[in-house]
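I have placed the structure first, in the form of structure tokens, so that the comments after it can refer back to it.
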Amino acid sequence: MCIIAVKKAGAEMFPETTIRTMFTNNPDGAGIMYYDYLLQKVIYHKGFMKVEQLLDFIKDRDWKNIPVVLHFRIGTSGHKTKLCTHPFPVFDKNKVFGTTDLAVCHNGVLSNYHPGANSAINDSLNFTQKVLSKLDPSFIRDTDKLMLIEE
């Protein structure tokens, strides 16, 4: 199953050995998203298909006061491509790099959203495009809607 690792603002970035372990156990690509306080946007980079690419991106940056989410994929549906790695922008076009108001990572299988055996997209992207992107952006603060999404 994929790994989602969350680093809160004020915490140190995960050690290189931990990142290597997460990638080794989930080798189908990785992505990172973090909040930019100046832009007031989520910035995401994904499609790191080798651990060294991700480590090169992470090193030489001061992550101390920045909240970060890392996702390490083990593909269960869709192709094992850069665009199928997480995170996925909810209201914007899926790209390997971008800024957005909201992005999502998922861990597990969304069997009701499995796009088919030869699909270029995976279940998480399918769910994001068919469900999350259709909601009013305020859903993120609506506990009832979040409970339904969780189900």
Looking across segment 114-151 at residues that are among the hydroxyl-bearing types (Ser, Thr, Tyr) and under 14 Å from residue 84 (Cα atoms), the single one that is nearest to the chain's Cα centre (by Cα) is 124
Out of 80, 145, 64, sole residue that is at negative phi and in contact with a helix residue (DSSP H, G or I) (Cβ under 9 Å, 6 or more places away or on another chain): 145
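Tell me the residue from 85, 81, 128, 100 that is under 19 Å from residue 23 (Cα atoms) and either open to solvent by less than 40 Å² (accessible area, probe 1.4 Å) or in contact with a Lys or Arg (Cβ under 7 Å, 6 or more places away or on another chain) (or both), please.
Unique residue meeting the criteria: 85.
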Return yes or no: is residue 123 open to solvent by less than 30 Å² (accessible area, probe 1.4 Å) and not aromatic (Phe, Trp, Tyr)? yes
Report, by residue number, each residue of segment 96-151 that is of a type in the set (Asp, Glu) and either touching a residue at least 12 places away in the same chain (Cβ under 8 Å) or outside any helix (DSSP H, G or I) (or both). 101, 123, 136, 142, 151
Number of positions in segment 25-40 that are in contact (Cβ under 8 Å) with a residue 40 or more places away in the chain and open to solvent by 30 Å² or more (accessible area, probe 1.4 Å): 4
Among the candidates 4, 32, 43, residue that is in contact with a Leu (Cβ under 6 Å, 6 or more places away or on another chain) and closer than 16 Å to residue 104 by Cα: 32
Residues within segment 81-95 that are assigned to a loop (DSSP other than H, G, I, E, B) and out of contact with any Gly (no Cβ under 7 Å at 6 or more places or on another chain), tallied: 6
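The values are calculated or read from the model by the stated rules, or taken from the named source; none is laboratory data. This one's a predicted model, so the numbers in the text were calculated from it and none came from an experiment. Note: ideal-geometry Cβ built from the backbone for every residue, glycine included; neighbour counts use all protein chains shown. For the accessible areas, the whole protein counts, side chains as well, though only heavy atoms, and no ligand, DNA or RNA atoms are used. Shrake-Rupley method; radii C 1.70, N 1.55, O 1.52, S 1.80 Å.
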